[in-house]
1. Name the helices (runs of 4 or more DSSP H) wholly within the stretch 108-198 that hold at least 2 residues that are at pLDDT 95 or above and touching a Phe, Trp or Tyr at 6+ places or on another chain (Cβ under 9 Å)?
2. Filtering the stretch 113-128 down to residues that are open to solvent by 70 Å² or more (accessible area, probe 1.4 Å) and over 13 Å from A174 (Cβ atoms), which residue is farthest from the chain's Cα centre (by Cα)?
3. Do you know which residues across the stretch 57-92 are acidic (D, E) and either touching a Gly at 6+ places or on another chain (Cβ under 9 Å) or touching a residue at least 60 places away in the same chain (Cβ under 8 Å) (or both)?
4. Condition check: open to solvent by 60 Å² or more (accessible area, probe 1.4 Å) and of a type in the set (A, V, I, L, M). Does A59 satisfy that?
5. Could you check A110 against (1) small (G, A, S); (2) within 25 Å of the chain's Cα centre (by Cα); (3) farther than 30 Å from N132 by Cα; (4) surrounded by fewer than 18 Cβ atoms within 10 Å (Cβ to Cβ) and say which number it fails?
6. Does the stretch 189-199 include one or more residues that are within 19 Å of the chain's Cα centre (by Cα), closer than 28 Å to K79 by Cα and buried (at least 17 other Cβ atoms within 10 Å of the Cβ)?
7. Do we find that A96 is buried (at least 16 other Cβ atoms within 10 Å of the Cβ), in contact (Cβ under 8 Å) with a residue 60 or more places away in the chain and at negative phi in this structure?
8. For the stretch 67-91, which positions are among the small types (G, A, S) and open to solvent by 30 Å² or more (accessible area, probe 1.4 Å)?
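The values are calculated or read from the model by the stated rules, or taken from the named source; none is laboratory data. Computed from a predicted model, the values in this text were never measured in an experiment. Glycine gets a Cβ as well: all are built from the backbone with ideal geometry, and neighbour counts include every protein chain shown. SASA here: full protein model, heavy atoms, side chains in, ligands and nucleic acids out. Shrake-Rupley method; radii C 1.70, N 1.55, O 1.52, S 1.80 Å.
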Amino acid sequence: MSALTLTPRALYEEVAEQLRQRIFRRELEPGSWIDELKIAEEFGISRTPLREALKVLAAEGLVTMKVRRGAYVTEMSEKDLRDVYHLLSLLESDAAGVVATTATEAQLQALQDLHAELEAAAGERERFFAVNERFHMLVLELADNRWRSQMVADLRKVMKLNRHLSLFKQGRLAESLAEHRAVMAAIAARQPSEATRLMRAHFDNGLEAASPEPP
């Protein structure tokens, strides 16, 4: 393969993004060993920027470095899943309450427009998943706390290791949409405590749907 056409950003950042997307697409499966030599050859790069890229992904939790064994795509345990959902629930429910209190009419309209796009995407799972994430990140943006936004962005990367499992369960997509509808209504009605409660319930239900079925 020819070397990648790189953007002006640092080489290792571009490599990290390429690997990140392969992990999200399941081209690199959870638990799989990352063959550094093969990937460096495929990308037409030395192993130095590749190793720097792997450090970035390890810091994000997407890759696990094992002594004398190399890098592996992180596997999510049930506890990992619960812990990630718990933190997302706390951070994003708080953000929803802030937005219900402080958002301008223009900001509320932008959120309403994105929610309408989510409603329109209900029949397409891939598109629904993408718009769903954009909605959640817009809530974070409007809540205007860059530290919370960064934490959520990192947690959502890790959550993608379990990507789509909750939405693939029978009826979950429709339930998720109804929950979004309720959150949007509470925000639009300027009801911060209700927006907080509903967003937390949304994550509780998402965790239940994403968790493995009992044997």
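1. 172-188
2. D113
3. E60, E75, E78, D80, E92, listed by residue number.
4. When the stated conditions are applied, A59 passes them.
5. In the conditions (1) small (G, A, S); (2) within 25 Å of the chain's Cα centre (by Cα); (3) farther than 30 Å from N132 by Cα; (4) surrounded by fewer than 18 Cβ atoms within 10 Å (Cβ to Cβ), A110 misses (3) alone.
6. Checked against the condition, which is being within 19 Å of the chain's Cα centre (by Cα), closer than 28 Å to K79 by Cα and buried (at least 17 other Cβ atoms within 10 Å of the Cβ), the stretch 189-199 yields at least one hit.
7. yes
8. The one that is among the small types (G, A, S) and open to solvent by 30 Å² or more (accessible area, probe 1.4 Å): S77.
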